[in-house]
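Down below is the structure, laid out as structure tokens.
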Amino acid sequence: MNNGAYGLLPDDWARLCKEEGWPAFRAKQIVRGLYGDRVVDWQALTTLPGPMRSRLAECAPLQPLREVERTPSGADGVTKFLLEASDGERIETVWIPADGRVTQCVSSQVGCDMHCAFCASGQLGCVRSLTASEIVGQVAVLAQAMGQWPNNIVVMGMGEPFMNYDAVLRALRVLNCQQGPNIGARHITISTCGIVPGIERLATEGVQFELSVSLHAPNDAIRSRLMPVNHRWPLAELLPACDAYTAATGRIITYEYTLVRDLNDRPAHAAELIRLLRGRKARVNLIPLSPVAEFDGKTPSHADCLTFLDALLKAGIHTTMRRSRGKQADAACGQLRLRKLRESRHGTEKQ
């Protein structure tokens, strides 16, 4: 079972029990223990006999991620966690409470190879993809730490989900499973920088997960400057793929648009974005830039952000502005991991 315990669906557990000669009801006990009792150690699942627990540790290791650091942002309750995998690699996940609900932002890779200009995750490239068990494991570790499962999942952390497609989809099916965490499909969002084959493949899966596409610019010139992926799949390929996805699934895509002062936040850019999206079934999520040391872009003024928002709303485009949260928690994706790596390297150099 190379997926690890958290990467297995109920049918996989039933199959494993059959292979091991265990009664069928043991599969339900396992699933209940993992997701009802939130165990992170097989020895804690005392409803199972000792020899069975020992065997599970061999054939379906839990391999829990170890919490290295948590960084709260203050009164808003947003907390970023730095977790360490069994091989020593580190990833980030974020706990975001709001209005009686909790959203967890999870990572799909250790680092990222997409190199978007304002994303700290891509500064050091992608080390490896996460397994399905490690993706679900992020949620399991925080569920135990915080005493509850989140209500919403966004795959918006470190990495590009569609560059780790199979593991991400398996993990989301586990999280969506009724016998498992039972997080509703429409409360699960996959965020992509615009990998067209991934969008096309997701359209065929028959799932109701939400899809978010990082747009960040109203034209190819600006988008290519911010997002190297645009050289491979420019807007002329990306947007028709998104239209086809909506036609096939009935799901409306959310386009993420990070506002960068004087680069893509002017009224002319708003007008260009309106022309690009008018007539399309689309939502726009505006995000004031969270500064990253390696990117010289600046956060627009609040007034400029509101002017941009107002222009889209008046044009009839469903638009929201993401409320700035988590500023004290290394807010931009990958910042906490990058900071810890640099601290480690700096400490080594001083020795």
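The values are calculated or read from the model by the stated rules, or taken from the named source; none is laboratory data. For clarity, every value in this text was computed on a predicted model and none was experimentally measured. Cβ atoms come from the backbone with ideal geometry, glycine included; neighbour counts cover every protein chain shown. Surface areas here come from the heavy atoms of the whole protein model, side chains and all, with no ligands, DNA or RNA. Shrake-Rupley method; radii C 1.70, N 1.55, O 1.52, S 1.80 Å.
Checking VAL284 against (1) modelled with pLDDT of 95 or more; (2) farther than 19 Å from MET156 by Cα; (3) surrounded by 13 or more Cβ atoms within 10 Å (Cβ to Cβ), which single condition isn't satisfied?
Of everything listed in (1) modelled with pLDDT of 95 or more; (2) farther than 19 Å from MET156 by Cα; (3) surrounded by 13 or more Cβ atoms within 10 Å (Cβ to Cβ), VAL284 misses just condition (2).
Could you say whether any residue in region 27-37 is surrounded by fewer than 16 Cβ atoms within 10 Å (Cβ to Cβ), at pLDDT below 95 and assigned to a helix (DSSP H, G or I)?
Scanning region 27-37 turns up no residue that is surrounded by fewer than 16 Cβ atoms within 10 Å (Cβ to Cβ), at pLDDT below 95 and assigned to a helix (DSSP H, G or I).
For region 253-260, indicate whether the set of residues that are farther than 21 Å from CYS305 by Cβ, out of contact with any Pro (no Cβ under 8 Å at 6 or more places or on another chain) and either aromatic (Phe, Trp, Tyr) or open to solvent by less than 10 Å² (accessible area, probe 1.4 Å) (or both) is non-empty.
Taking every residue of region 253-260 in turn, at least one turns out to be farther than 21 Å from CYS305 by Cβ, out of contact with any Pro (no Cβ under 8 Å at 6 or more places or on another chain) and either aromatic (Phe, Trp, Tyr) or open to solvent by less than 10 Å² (accessible area, probe 1.4 Å) (or both).
Does LEU277 qualify as being among the hydrophobic types (A, V, I, L, M, F, W, C), free of Cβ contacts under 8 Å to residues at least 60 places away in the same chain and over 16 Å from VAL196 (Cα atoms)?
Judged against the criteria, LEU277 is a match.
Out of the residues in region 126-137 meeting the condition of being more than 12 Å from GLY7 (Cβ to Cβ) and not basic (Lys, Arg), tell me which one is nearest to the chain's Cα centre (by Cα).
Only one residue tops the list, namely SER129.
Which one of these is of a type in the set (Val, Ile, Thr), more than 14 Å from GLY4 (Cβ to Cβ) and surrounded by fewer than 21 Cβ atoms within 10 Å (Cβ to Cβ): VAL154, VAL168, VAL110?
Values: VAL168 fails: surrounded by fewer than 21 Cβ atoms within 10 Å (Cβ to Cβ); VAL110 fails: surrounded by fewer than 21 Cβ atoms within 10 Å (Cβ to Cβ).
Of VAL154, VAL168, VAL110, the one residue that is of a type in the set (Val, Ile, Thr), more than 14 Å from GLY4 (Cβ to Cβ) and surrounded by fewer than 21 Cβ atoms within 10 Å (Cβ to Cβ) is VAL154.
Would a scan of region 183-192 turn up a residue that is crowded, with 16+ Cβ neighbours inside 10 Å, assigned to a helix (DSSP H, G or I) and at negative phi?
yes
When only residues in region 1-23 that are surrounded by 14 or more Cβ atoms within 10 Å (Cβ to Cβ) and among the small types (Gly, Ala, Ser) count, which is modelled with the lowest pLDDT?
Per the stated criteria, the residue is GLY4.
Quick one: is GLN63 at pLDDT 95 or above and either assigned to a helix (DSSP H, G or I) or of a type outside the set (A, V, I, L, M, F, W, C) (or both)? Steps first, answer last, please.
Values: at pLDDT 95 or above: no; either assigned to a helix (DSSP H, G or I) or of a type outside the set (A, V, I, L, M, F, W, C) (or both): yes.
For GLN63, the condition - at pLDDT 95 or above and either assigned to a helix (DSSP H, G or I) or of a type outside the set (A, V, I, L, M, F, W, C) (or both) - is not met.
Considering every residue within region 130-150, establish whether at least one is assigned to a strand (DSSP E or B) and either open to solvent by 10 Å² or more (accessible area, probe 1.4 Å) or within 29 Å of ILE222 (Cβ to Cβ) (or both).
no
For region 203-219, give me the residue count where each residue is more than 15 Å from CYS105 (Cα to Cα), touching a helix residue (DSSP H, G or I) at 6+ places or on another chain (Cβ under 7 Å) and of a type in the set (A, V, I, L, M, F, W, C).
Number of matching residues: 4.
For region 171-180, name all the residues that are surrounded by fewer than 21 Cβ atoms within 10 Å (Cβ to Cβ) and in a loop (DSSP other than H, G, I, E, B).
CYS177, GLN178, GLN179
Could you please find all residues in region 287-311 being of a type in the set (Val, Ile, Thr) and either within 27 Å of the chain's Cα centre (by Cα) or surrounded by 21 or more Cβ atoms within 10 Å (Cβ to Cβ) (or both)?
ILE287, VAL292, THR299
Quick one: which residue in GLU210, GLU200 is more than 13 Å from the chain's Cα centre (by Cα) and open to solvent by 10 Å² or more (accessible area, probe 1.4 Å)?
GLU200
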